[in-house]
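First the structure, in the form of C-alpha cells, and then the observations on it.
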Amino acid sequence: MALKATILKATLNIADMDRHYYADHQLTIAQHPSETDLRVMIRLLAFALNASDTLEFTKGLSTDDEPELWQKDLTGEIELWIELGLPEEDRIRKASNRAGKVILYTYGDRAFPIWWDKHHGKLERFDNLTIVHLPGDSTEALAALADRSMSFQVTIQDGEITFSNDNNLVSITPEQRLPQN
C-alpha cells in the first residue's frame, strides 16, 4: 500500500520591504512521504521570497517535469521556475529553456561545496538563472518549526528573512551565488 502525503496548512503574513510586497497567504502543502521537514520549510521559504498571487506549489517530488513552485502568465507560459536542492545540470538547462526566470535554492552545507565545484562553471551560461544558497544552521532552525498547522509573520528586509510565530524567531541570510555581483 502506498503512503499518502501529509497535508500541512500554513498562514504567511508577508512583509517584503525589498520588493514592496505585503500580503497574507493561506497555503496548503502536500508533504510527500519521503520529504523531510527541512525540505517542506525551504519550499515555504521559497514561496515567501517570491510570493505573488500567481505563484503556485506544483506536484513537486512526484513529478520530473515540474519544479517545486512556478508562476505562469495568462497564456500558460512559465514566468518563474523555482527549484530546490542540488539538481543535475541537465535539469537546470531544461528549466532555463522552459521558463523566463529560474531560481535555484540550494541547501545542505556539507554537500553544497562539492556540487558547486562540479556545476557552477556550466551553470554560469544560463542568463535567466539565479542560485541562492541557504545556510544550514538557520534552515535547520526553520525546519524545527514545521507542524501540520503553522502561522508565521515573514519579514524580508535588506536580504534577510525572518520567520516568527508566537514562540520562535528564525533569521536566515541567503547567499546569492549566481549571478555573481
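The values are calculated or read from the model by the stated rules, or taken from the named source; none is laboratory data. Here the structure is a predicted model, which means the values were calculated and not measured. Neighbour counts are summed over all protein chains in view; Cβ atoms, including those assigned to glycine, are modelled from backbone coordinates with ideal geometry. The area values use the complete protein model at the heavy-atom level, side chains included, leaving out ligands, DNA and RNA. Shrake-Rupley method; radii C 1.70, N 1.55, O 1.52, S 1.80 Å.
Comparing GLU88, GLU124, GLU68, which has the greatest mean-square fluctuation in the GNM of the chain with Cα pairs linked when under 10 Å apart? Looking only at GLU88, GLU124, GLU68, the largest GNM fluctuation is found for GLU88. Spin-label model, GLN26/ASN128: points 7 Å from Cα along the beta carbon direction are separated by 3.4 nm. Within the shell defined by Cβ-Cβ distances under 14 Å, the residues around ASP18 carry a net charge of -2, with Lys and Arg each +1 and Asp and Glu each -1. The convex hull defined by the C-alpha atoms of segment 1-105 has an orientation-averaged projected area of 7.5 nm².
Compute the signed sum of charges (Lys and Arg +1, Asp and Glu -1) over the other residues within less than 14 Å, Cβ to Cβ, of LYS122. Net local charge, LYS122 excluded: 0. Calculated mean residue ellipticity, 222 nm, the chain: -7500 deg cm²/dmol, from DSSP H runs (n ≥ 4) at -39500 (n - 2.57) each, averaged per residue and rounded to 500. Residues considered: LEU86, LEU45, LEU74. Largest GNM mean-square fluctuation over the chain, using C-alpha springs under 10 Å, is found at LEU74. Using Cβ point charges alone (K and R +1, D and E -1), the dipole size of the chain about the Cα centre works out to roughly 400 debye. Amide H contacts under 5 Å for LEU104: GLU83, THR130, ILE131, VAL132, restricted to partners 5 or more places along the chain or on a different chain, H placed in the peptide plane at 1.01 Å from N. Rolling a 1.4 Å probe across all protein chains gives GLU175 an accessible area of roughly 90 Å². Just checking the listed ones, ILE103, ILE92, ILE114: in the Gaussian network model of the chain with Cα springs under 10 Å, the one fluctuating most is ILE114. Computing Rg and Dmax of the Cα atoms in Å for the structure here picks out one of [x] 15.4, 42; [y] 15.8, 50; [z] 16.5, 58, namely [y]. Within the straight-line cut-off of under 28 Å between alpha carbons, the lysines reachable from LYS72 are LYS4, LYS9, LYS59, LYS94, LYS101, LYS122, sequence neighbours fewer than 8 places apart in one chain being disregarded.
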